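Inspection log for the structure reproduced underneath, given as structure tokens.
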Amino acid sequence: MNESEIFDILRQGLWVAVAMSAPLLGMALVAGLIVGLFQALTSVQEQTLTFVPKILAMLIVFWVSMSAMTSVLVDFFRAQVVPVIAGG
């Protein structure tokens, strides 16, 4: 195994990480914008108001997309990592 193969597997692993984290980060962005807009329109500056809805929204998205994230990760490991470990 040479350096280019290692870098290729690392690059693919980073893309898998991006694909797995995109739904969570997107929901955090949307929830943050909604809460920020709500705070600006109502002049409510409660500190916990920024964290609680964001965490709840991220937990819901994580729960919904957990099976898809797991299948993406398992497919990556079966196709890329396990053959390298097995020497194929």
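Yes/no matrix, rows are residues, columns are (1) touching a residue at least 24 places away in the same chain (Cβ under 8 Å); (2) assigned to a helix (DSSP H, G or I); (3) of a type in the set (Gly, Ala, Ser):
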{"position": "Ser4", "(1), (2), (3)": "no, yes, yes"}
{"position": "Asp8", "(1), (2), (3)": "no, yes, no"}
{"position": "Ala17", "(1), (2), (3)": "no, yes, yes"}
{"position": "Val30", "(1), (2), (3)": "yes, yes, no"}
Fill in the blank from the handout: For the stretch 45-64, the count of residues that are open to solvent by less than 60 Å² (accessible area, probe 1.4 Å), among the hydrophobic types (A, V, I, L, M, F, W, C) and over 14 Å from Leu25 (Cα atoms) equals 1
Exercise for the section: Answer yes or no as to whether Val35 is modelled with pLDDT of 90 or more, open to solvent by less than 50 Å² (accessible area, probe 1.4 Å) and in contact with a Ser or Thr (Cβ under 6 Å, 6 or more places away or on another chain). Expected result: yes
Practice task
Within the stretch 10-26, track down each residue that is among the aliphatic types (A, V, I, L, M) and in contact with a Phe, Trp or Tyr (Cβ under 9 Å, 6 or more places away or on another chain).
Solution key: Val16, Leu24
Exercise for the section: Inspect the stretch 17-26 for any residue being under 20 Å from the mean Cα position of the chain (by Cα), hydrophobic (A, V, I, L, M, F, W, C) and exposed (fewer than 11 other Cβ atoms within 10 Å of the Cβ) and give the result as yes or no. Expected result: yes
Exercise for the section: Report whether or not Ser67 is of a type in the set (S, T, N, Q), under 14 Å from the mean Cα position of the chain (by Cα) and open to solvent by 60 Å² or more (accessible area, probe 1.4 Å). Expected result: yes
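The values are calculated or read from the model by the stated rules, or taken from the named source; none is laboratory data. Treat the numbers as computed from the prediction; the structure is a model and nothing was measured. Quick reminder, even Gly has a Cβ in these numbers, built from the backbone with ideal geometry, and neighbours come from all protein chains shown. To get the accessible areas, we keep the full protein, side chains included, count just its heavy atoms, and leave off ligands, DNA and RNA. Shrake-Rupley method; radii C 1.70, N 1.55, O 1.52, S 1.80 Å.
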